[in-house]
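Just below is one structure, and these are the notes that go with it.
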Amino acid sequence: MKKNKKIIIIIVAILIIISVISYFITESGGRKSVYELYTVKPMTIQKYVITSGTANPIHTINVGAQVSGTFSKLLVWYNSIVKKGQLLAEINPTPFIQRIDQDKANLESARANVLKQKALLSYDKLTYIRDKKLWKENLIAHSTEQSAHSIYRQDIAQLKFLENAVNASKAQLGIDETNLSYTKIYSPVSGIIINVSVVVGQTVASSFQTPSLFTIGESLTKMAVYTTTNEADLSGIKKGDKASFTVYAYPNKTFWGYVHNIRINPTTVSGVVSYNVTIYFNNKKGLILPGMTAIPKIYISEKKDALGVPNSALRFIPLNENKGVLGNLSKKLTAGYGVVWVLKNKKPVPLIVKLGINNDSYTQVTSKDIKTGTEVITGSRSDNRAAGMAGRRRGGFFF
């Protein structure tokens, strides 16, 4: 029995030792790095500036009321297509018609006063002429002749005053007729109604500020993205640059336009200086609606047939790489240069490359050792286990 127990113990011990050895062998093999490679090839690399903005009609007109009153008619609503000169709404004209009737009555009264004064002037003129002749013949006192002359001169002045009153009545009539015409609100342009700020029965007061009643987009077939960019990115942007953008409503669709202008008036928020950039684009299909948030890319430069590598290749550092090697690379690098790694004899070897145009995905590299077909390392992983992708590492070599 004792002999059998001893044999069993030995067998169990052997099995444990075999298991431990197998585990370490498996673990050692599992840590072997498998590199992710990218084959270098010529490509077109476009450098761009990404920003955000809002799409709106190029010209937006706010239509207001020039007179106060209560709206009695509303002939358009949201999304109505309007033509230039089309009637949009009407303010109750009754009070304005009544003022015009009163103005006309006042004008007629003023004209009657002028006629009356002319008749009086004609009579007093004859009286003055007669008294002047009688005074010269010493038939009446000089004071009588002077009194007649004074009355005559007063009549002339009074006639002038009444004629001016006629002109004032005419002017007031003209003002009130113009105000009556303002009760009809017409569209100043052809376009589409974007916003309506009034309903029938609402009273508006235009005494101090013209109220905005309608917002009209002059055209939705040609629109603009109004965006801003900070001063660091502004230097590369110029009028006519190609631009693309997406909107949340169509995340998988790209729209194209061009930079129309860059406004030189700066905006400063929290110490950050930015400038307004306007991107014009065609909207013939009407997919883009006013107010949509746009994410534009403004393409400021382009390089064709460039040998480009993914940016992850410039960030890659092999696991457990010799610190001395990394230190020497850091000392050799200068501004405008970076490091990519290639496999030689199944081991990663660093190459210093000159950096060119770049964007969020790729960077142009120049080196006698980098040619079409060269494979560069973009990341690594352990067999069957992730072991530190390049994007998760700190560091990288590019200046």
### Task
Could you pull out the residue among Val82, Val166 that is under 49 Å from the mean Cα position of the chain (by Cα) and of a type in the set (A, V, I, L, M, F, W, C)?
Val82
### Message
Within the range 65-88, does at least one residue satisfy the condition of being at negative phi, small (Gly, Ala, Ser), assigned to a strand (DSSP E or B) and surrounded by 15 or more Cβ atoms within 10 Å (Cβ to Cβ)?
### Response
no
### Query
What number of residues within the range 178-221 are among the charged types (D, E, K, R) and surrounded by 15 or more Cβ atoms within 10 Å (Cβ to Cβ)?
1
### Message
List pairs: first residue in the range 195-209 and assigned by TED's automatic domain parsing to the domain that holds Trp77, second residue charged (D, E, K, R) and at pLDDT 85 or above anywhere in the structure, Cβ distance under 9 angstrom, at least six positions apart or on different chains.
### Response
Val200/Lys73
### Query
What do you reckon, is Lys284 farther than 30 Å from Thr372 by Cβ, outside any loop (DSSP other than H, G, I, E, B), out of contact with any strand residue (DSSP E or B) (no Cβ under 7 Å at 6 or more places or on another chain) and among the charged types (D, E, K, R)?
no
### Query
Yes or no: Ser187 out of contact with any helix residue (DSSP H, G or I) (no Cβ under 7 Å at 6 or more places or on another chain), hydroxyl-bearing (Ser, Thr, Tyr) and over 30 Å from Pro290 (Cβ atoms)?
no
### Message
With the requirement that a residue be touching a Phe, Trp or Tyr at 6+ places or on another chain (Cβ under 7 Å) and over 13 Å from Asn283 (Cβ atoms), what does the range 247-262 give you?
### Response
Tyr258, His260, Ile262
### Query
Which numbered condition trips up Pro251, out of (1) part of a strand (DSSP E or B); (2) out of contact with any Ser or Thr (no Cβ under 9 Å at 6 or more places or on another chain); (3) more than 17 Å from Gly53 (Cβ to Cβ)?
(3)
### Task
Filter the range 32-64 for residues that are assigned to a strand (DSSP E or B), of a type in the set (Val, Ile, Thr) and under 30 Å from Asn282 (Cβ atoms) and give the result.
Thr44, Ile45, Val49, Ile50, Thr54, Thr60, Ile61, Val63
#### Entry: Any hit, the range 94-106, residues being assigned to a loop (DSSP other than H, G, I, E, B) and buried (at least 16 other Cβ atoms within 10 Å of the Cβ)
no
### Task
Would you mind finding the one in Leu107, Leu87 that is of a type in the set (A, V, I, L, M) and either in contact with a Gly (Cβ under 6 Å, 6 or more places away or on another chain) or farther than 30 Å from Phe214 by Cβ (or both)?
Leu107
### Condition broken by Tyr248, with the remaining ones in (1) within 19 Å of Pro290 (Cβ to Cβ); (2) within 15 Å of the chain's Cα centre (by Cα); (3) among the aromatic types (Phe, Trp, Tyr) satisfied
(2)
### Message
List pairs: first residue in the range 169-184 and of a type in the set (A, V, I, L, M), second residue at pLDDT below 95 anywhere in the structure, Cβ distance under 9 angstrom, at least six positions apart or on different chains.
### Response
Leu180/Val67
### Summary
Filtering the range 360-383 down to residues that are more than 44 Å from the chain's Cα centre (by Cα), surrounded by 15 or more Cβ atoms within 10 Å (Cβ to Cβ) and part of a loop (DSSP other than H, G, I, E, B) yields Thr374
### Task
Give the number of residues within the range 217-242 that are closer than 20 Å to His59 by Cβ and hydrophobic (A, V, I, L, M, F, W, C).
4
### Summary
Within the range 110-143, the count of residues that are surrounded by 13 or more Cβ atoms within 10 Å (Cβ to Cβ), over 30 Å from Leu173 (Cβ atoms) and polar (S, T, N, Q) comes to 1
### Query
Ser219 is checked against (1) out of contact with any Lys or Arg (no Cβ under 9 Å at 6 or more places or on another chain); (2) part of a strand (DSSP E or B) and fails just one. What number does that condition carry?
(2)
### Message
Report every pair of residues separated by at least 6 positions or lying on different chains whose Cβ atoms are under 9 Å apart, first residue within the range 323-337 and assigned by TED's automatic domain parsing to the domain that holds Val365 and closer than 21 Å to Ile357 by Cα, second at pLDDT below 85 and part of a loop (DSSP other than H, G, I, E, B).
### Response
Leu333/Phe397; Leu333/Phe399; Thr334/Phe399; Ala335/Phe399; Gly336/Phe399; Tyr337/Phe397; Tyr337/Phe399
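The values are calculated or read from the model by the stated rules, or taken from the named source; none is laboratory data. Remember, it's a predicted structure, so these values are computed and weren't measured experimentally. Backbone-built Cβ (ideal geometry, glycine too); neighbour counts: all protein chains shown.
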